[in-house]
1. Could you say whether any residue in segment 64-71 is free of Cβ contacts under 8 Å to residues at least 12 places away in the same chain, within 24 Å of Lys121 (Cα to Cα) and either acidic (Asp, Glu) or open to solvent by 30 Å² or more (accessible area, probe 1.4 Å) (or both)?
2. List every residue pair whose Cβ atoms sit under 8 Å apart, with the two residues 6 or more apart in sequence or on different chains, where the first one lies in segment 33-59 and is under 17 Å from Glu79 (Cβ atoms) and β-branched (Val, Ile, Thr) and the second, anywhere, is open to solvent by 20 Å² or more (accessible area, probe 1.4 Å) and not in a loop (DSSP other than H, G, I, E, B).
3. When segment 28-42 is examined, which residues are found to be surrounded by fewer than 16 Cβ atoms within 10 Å (Cβ to Cβ) and not basic (Lys, Arg)?
Amino acid sequence: MSQPTLTNAPVILLIEDSSADVYIVRESLRKYLKEFDLQVVNDGEKAFKWIEAADSDSSLPCPSLMLLDLNLPKRSGQEILRRMRASPRCGHVPVVILTSSDSPADRAETARLGATAYFRKPPDLEEFMQIGVVVERVLDQQPN
């Protein structure tokens, strides 16, 4: 489990178990952001530990934004979102759901739990690359 480095670049915590999707997200961020620090966690239990580490060690910064898959090994994305929103230090961090699910129930539940945005992973690569636009927009809306 890696923790963010101390730079001025926004720290983006990507919780995703598909290496192919991690690659696409990284390439999209490279296309749309000048700089970023992408931290990748590949299962729900590691995501819990990441949040707990940030809560217990004030020298570790909270991410600037979380990209969260819903279908993860060990814990669901909804559990991670619930834990993130309960975090005393990082509960304010914007969370963009990044999932293949187009279920109205998933959309409603993640909205209820406090997701900032919902991005359905499209089958088309060019459409998927638009995740960088979503991230850029959400980061631009954050106070400095």
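The values are calculated or read from the model by the stated rules, or taken from the named source; none is laboratory data. Please read all numbers here as calculations on a predicted model, not as lab measurements. Counting neighbours? That spans all protein chains shown, and the Cβs are built from the backbone with ideal geometry, glycine included. Just the protein is used for accessible areas: all its heavy atoms, side chains included, with ligands, DNA and RNA removed. Shrake-Rupley method; radii C 1.70, N 1.55, O 1.52, S 1.80 Å.
1. Here is the first cut: in segment 64-71, the residues free of Cβ contacts under 8 Å to residues at least 12 places away in the same chain are none.
Scanning segment 64-71, I find no residue that is free of Cβ contacts under 8 Å to residues at least 12 places away in the same chain, within 24 Å of Lys121 (Cα to Cα) and either acidic (Asp, Glu) or open to solvent by 30 Å² or more (accessible area, probe 1.4 Å) (or both), so the answer is no.
2. Pairs found: Ile51/Arg83.
3. Our first condition is that a residue be surrounded by fewer than 16 Cβ atoms within 10 Å (Cβ to Cβ); within segment 28-42, this holds for 30-31, 34-35.
Selection gives Glu35 alone.
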